[in-house]
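Below: one structure, written as structure tokens.
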Amino acid sequence: MLQVDHLVKEFRQGDNKITPVKDVNFQVETGEFAAIIGKSGSGKSTLLALLGALDQPTKGSIFVDEVDIAKLSAKKLTAYRCADIGFVFQQYNLVPNLTAIENVMLPMEFAGVPKAKRLNRAKSLLDQVGLEDGKQLRRPTRLSGGEQQRVAIARALANKPKLILADEPTGNLDSQTGEHIFGLLHSLTRSEKVTIVAVTHDLSIAGKTDKTFKLVDGILHEEKPQKKS
Ligand SMILES: Nc1ncnc2c1ncn2[C@@H]1O[C@H](COP(=O)(O)OP(=O)(O)OP(=O)(O)O)[C@@H](O)[C@H]1O
Ligand SMILES: [Mg+2]
């Protein structure tokens with residue numbers, strides 16, 4: 001479970017102070033898929049960086065299960081990012097000179113998983129995200145955007161994280177491929193029992209997640225699903 005209480009992030013530049021995250025409170029249950037929407041510059045990426053412990057909050061707490069990651073030491077934070085969090089980005093961020101399967105194996109290498117086990121899990125994850133056998137041995141430049149994002153999702157799952165954070169995961173894809181990728185993420189919350197928080201501009205997709213939040217002026221509001229008549 002992810003529980004965020006009174007989260008604040010302030011940036012200071014000289015005498016200027018901006019507060020893209022003012023007082024954010026929300027909760028996402030294990031195995032739920034939550035979307036965060038909001039205008040450009042509303043603080044979505046800033047919030048995601050706090051959840052992923054890539055940046056430190058000015059105030060507030062972020063509980064992932066029982067641990068408040070806002071209070072961890074630098075050393076424990078590195079371990080937390082490696083073991084408990086998977087990141088998916090708009091630009092895929094795959095390592096260009098590694099094949100698809102090697103990209104998925106990489107985080108497991110950092111976590112000290114033996115080679116045979118790494119290979120097995122990477123193969124099974126790529127099968128699960130729907131990347132065909134032949135394509136698993138290709139480098140990213142020889143894969144389509146949608147295929148690269150499938151590899152990036154498999155890589156995010158490699159170390160069995162508790163939480164996957166995705167920043168505009170379908171931002172570079174056409175709408176149909178984007179829907180497939182979101183469908184895939186949704187099914188993974190169930191099969192891998194992972195919690196996913198995804199930032200998106202795509203309202204048609206946001207409406208299909210378990211929960212949707214909107215970030216307005218640094219405050220997060222839950223959007224209640226509209227009843228169909
Ligand atoms: N390191 C930083 N130092 C100072 N200001 C920052 C920093 N990072 C972000 N900001 C500012 O915080 C605000 C929120 O930025 P953020 O990147 O979180 O927006 P966003 O909602 O992700 O936008 P987009 O949809 O365009 O990606 C912006 O005004 C941005 O300029
Ligand atoms: Mg952003």
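Six or more apart or on different chains, Cβ atoms under 8 Å: show the pairs whose first residue is in region 130-149 and on the phi > 0 side of the Ramachandran plot and part of a helix (DSSP H, G or I) and whose second is buried (at least 16 other Cβ atoms within 10 Å of the Cβ) and not polar (S, T, N, Q).
From residues that are on the phi > 0 side of the Ramachandran plot and part of a helix (DSSP H, G or I), there are no pairs.
Could we say that Glu168 is over 18 Å from the mean Cα position of the chain (by Cα) and of a type in the set (D, E, K, R) here?
No: the conditions fail for Glu168.
Are any of the residues in region 91-101 away from ligand 2 (no atom under 16 Å from the Cβ), farther than 15 Å from Ile219 by Cα, touching a strand residue (DSSP E or B) at 6+ places or on another chain (Cβ under 6 Å) and not aromatic (Phe, Trp, Tyr)?
Checked against the condition, which is being away from ligand 2 (no atom under 16 Å from the Cβ), farther than 15 Å from Ile219 by Cα, touching a strand residue (DSSP E or B) at 6+ places or on another chain (Cβ under 6 Å) and not aromatic (Phe, Trp, Tyr), region 91-101 yields no hits at all.
Would you be able to say whether some residue in region 2-9 is more than 15 Å from ligand 1 (Cβ to nearest atom), acidic (Asp, Glu), surrounded by fewer than 20 Cβ atoms within 10 Å (Cβ to Cβ) and more than 18 Å from the chain's Cα centre (by Cα)?
Within region 2-9 (the criterion being more than 15 Å from ligand 1 (Cβ to nearest atom), acidic (Asp, Glu), surrounded by fewer than 20 Cβ atoms within 10 Å (Cβ to Cβ) and more than 18 Å from the chain's Cα centre (by Cα)), the answer is yes, since at least one residue qualifies.
Could you please find all residues in region 35-66 being hydroxyl-bearing (Ser, Thr, Tyr) and either under 19 Å from Asp5 (Cβ atoms) or more than 9 Å from ligand 2 (Cβ to nearest atom) (or both)?
Of everything in region 35-66, those that are hydroxyl-bearing (Ser, Thr, Tyr) and either under 19 Å from Asp5 (Cβ atoms) or more than 9 Å from ligand 2 (Cβ to nearest atom) (or both) turn out to be Thr46, Thr58, Ser61.
Show the residue pairs that are 6+ apart or on different chains and have beta-carbon atoms under 7 Å apart, the first residue being within region 164-175 and more than 12 Å from Ile36 (Cα to Cα) and touching a residue at least 12 places away in the same chain (Cβ under 8 Å), the second being of a type outside the set (A, V, I, L, M) and part of a strand (DSSP E or B).
Ile164/Gly86
Of everything in region 197-229, what is at pLDDT 90 or above and closer than 22 Å to Ile18 by Cα? Give them in sequence order.
Passing the criteria: Val199, Phe213, Lys214, Leu215, Val216, Gly218, Ile219, Leu220, His221.
May I ask you to say which residue of Asp84, Asp68 is more than 30 Å from Gln136 (Cβ to Cβ), away from ligand 1 (no atom under 16 Å from the Cβ), surrounded by 13 or more Cβ atoms within 10 Å (Cβ to Cβ) and among the charged types (D, E, K, R)?
Asp68
Return the pairs, sorted by first residue and then second, in which the second residue is within 15 Å of ligand 1 (Cβ to nearest atom) and acidic (Asp, Glu), the first residue lies in region 23-42 and is part of a loop (DSSP other than H, G, I, E, B), the beta carbons are less than 9 Å apart, and the residues are 6+ apart or on different chains.
Every condition considered, the pairs that remain are Ser42/Asp217.
The values are calculated or read from the model by the stated rules, or taken from the named source; none is laboratory data. The shown structure was predicted, so the numbers you read here are calculated from the model rather than taken from an experiment. As a convention, Cβ positions derive from the backbone with ideal geometry for all residues, glycine included, and neighbour counts pool all protein chains shown.
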